[in-house]
Amino acid sequence: MGAPPATATQRLRIAICGAGIGGLALAVVLGKFERPEAPIEVNLYERYPEIAMLGAGISVWQRTWRVMELLGLDKELSDAAERPPNKTMGPGFVYRRSDRTEDNYTFYRIMMPYGSSSMHRADLIQVLSRNVPSRYTTHWRKKVLRYDEILNDKGEVSHLELHFEDDSTAEADILIGADGIRSTVRTSMYDIAHRRDCPDTVDRAHCLRCSPATPTWDGVVAYRTLVSTEKLKKINPEHDAFRSTLCVRALHASS
Ligand SMILES: Cc1cc2nc3c(=O)[nH]c(=O)nc-3n(C[C@H](O)[C@H](O)[C@H](O)COP(=O)(O)OP(=O)(O)OC[C@H]3O[C@@H](n4cnc5c(N)ncnc54)[C@H](O)[C@@H]3O)c2cc1C
């Protein structure tokens, strides 16, 4: 969402809410394709005090890898990857029965170009954050609570005002919500749109258009866990995980 830049000579102020995979990747893209005749000012706002190194393995699929190649990050990512992609067909997903511990019964394999290249999420985040241009600013401990549209004399949106948990504010011409599945930016956007477009008599939570913008649990649960190599070796030194670094998914994930 955004407003037109005030004048052609002014820098377009872009705010990115969230310095996760999406927010950092966008900042890298903006840095690569920014043109001198259209200068931009980029501010990332992240609620945590530093880059979150949480998470475990992440699989990078063909399309994502192609984007990384276009951004020139493939070499750095290959060096960081547990298993870099090699363009040949390989198993993307391997489905095994979790109740057959003796013979590793595989009942389905999905083969795909590049297979499934895996790396630690923290390494992916590191590579992305290293490639965010130093002229862009990342503001830590800046939890966005909402934004407002600021109108000019003609009643048009002139810019956006972001409100943070620490009571501070910031202005932007464009705001990108890269703040995850429970996006505050999306919630705020629908709050504004609901007030503007929908009848007063309809509550936002019951509005046919606006209520689906709030994620709800669909009843499906995925159990995931990490088991240390040493522990698994003690339990089953022949476990399939030692032959392939592929993450074992689906039925096996919770065992
Ligand atoms: C268990 C698990 C395994 C996965 N495995 C894979 C995989 O193998 N391959 C794959 O491609 N994808 C995988 N995914 C999906 C992938 O992690 C997500 O698609 C990706 O993280 C989405 O990136 P994002 O930047 O949109 O959001 P996030 O990574 O959630 O980042 C959002 C960022 O915004 C910040 N933020 C949130 N709210 C605010 C706020 N109000 N103000 C300021 N900052 C805020 C957060 O702190 C965070 O840094 C997996 C997901 C899960 C849960």
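The values are calculated or read from the model by the stated rules, or taken from the named source; none is laboratory data. This is a predicted model, so every value here is computed, not measured. Counting neighbours? That spans all protein chains shown, and the Cβs are built from the backbone with ideal geometry, glycine included. The protein model used for the area step is the full one, side chains on, heavy atoms only, and it has no ligands, DNA or RNA in it. Shrake-Rupley method; radii C 1.70, N 1.55, O 1.52, S 1.80 Å.
Restricting to DSSP H runs of at least four residues, report the calculated mean residue ellipticity at 222 nm for the chain, -39500 (n - 2.57) per run over all residues, nearest 500 deg cm²/dmol. Intermediate results must be reported in sequence, preceding the final value.
Working: 6 runs with 60 residues, N = 255.
Mean residue ellipticity at 222 nm (helix-derived): -7000 deg cm²/dmol.
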- Given backbone amide H placed at 1.01 Å from N, residues whose amide H is under 5 Å from that of Gly92, ignoring those fewer than 5 places away on the same chain, are Ile110, Met111, Met112
- Task: Note down the net charge around Arg11, summing +1 for each Lys or Arg and -1 for each Asp or Glu among other residues with Cβ under 14 Å from its Cβ.
- Result: -2
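At 1.4 Å probe radius, can you tell me the per residue accessible area of segment 125-249 in Å²?
Details: 8660 Å² over 125 residues.
Averaged over the residues of segment 125-249, the accessible area is 69 Å².
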- Whichever lysines have a C-alpha closer than 23 Å to that of Lys142, once near sequence neighbours (fewer than 8 apart) are set aside: none
- Task: At 1.4 Å probe size, with no ligands or nucleic acids counted, give the accessible surface of Leu70 in Å², nearest ten.
- Result: 110 Å²
- Tell me, which longest segment in the chain has none of the chymotrypsin sites (Phe, Trp or Tyr not before Pro) that fall in DSSP loops with at most 11 further Cβ atoms within 10 Å? 1-216
- Subtracting the Cα-Cα distance from 0.36 nm times the residue separation, let me have the gained length for Gln62 to Asp197 in nm, one decimal. 44.6 nm
- Lys143: which lysines have alpha carbons under 30 Å from its alpha carbon, excluding same-chain residues fewer than 8 sequence positions away? Lys32
- Label Lys32 and Thr229 with points 7 Å out from Cα along Cα→Cβ: what is the distance between them in nm? 3.2 nm
- Work out how far the C-alpha atoms of the chain reach from end to end along every principal axis, then list the three figures in whole Å, largest first. 74, 49, 32
- For Arg186, Arg96, Arg224, Arg109, write out the residues from largest to smallest accessible area, computed with a 1.4 angstrom probe and no ligands counted. Arg224, Arg109, Arg186, Arg96
- Item | Candidates per GluC sites (Glu not before Pro) in segment 100-163, loop by DSSP, up to 15 other Cβ within 10 Å | Glu102, Glu156
- Give me the percent of the accessible area of the chain that comes from carbon and sulfur atoms, probe 1.4 Å, all protein chains in place. 53 percent
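Which net charge results when you count Lys and Arg as +1 and Asp and Glu as -1 among the other residues whose beta-carbon is under 12 Å from that of Ala213?
On the way: positive: Arg182, Arg186, Arg204, Arg209; negative: Asp191.
Net of charged neighbours comes to +3.
Taking 0.36 nm per residue of sequence separation and subtracting the Cα-Cα distance, how much length would be gained by fully extending the chain between Thr216 and Asp240, in nm to one decimal? Provide the component values of the computation, followed by the final result.
Numbers: separation 24, 0.36 × 24 = 8.64 nm, distance 3.60 nm.
5.0 nm is the gain from fully extending Thr216 to Asp240.
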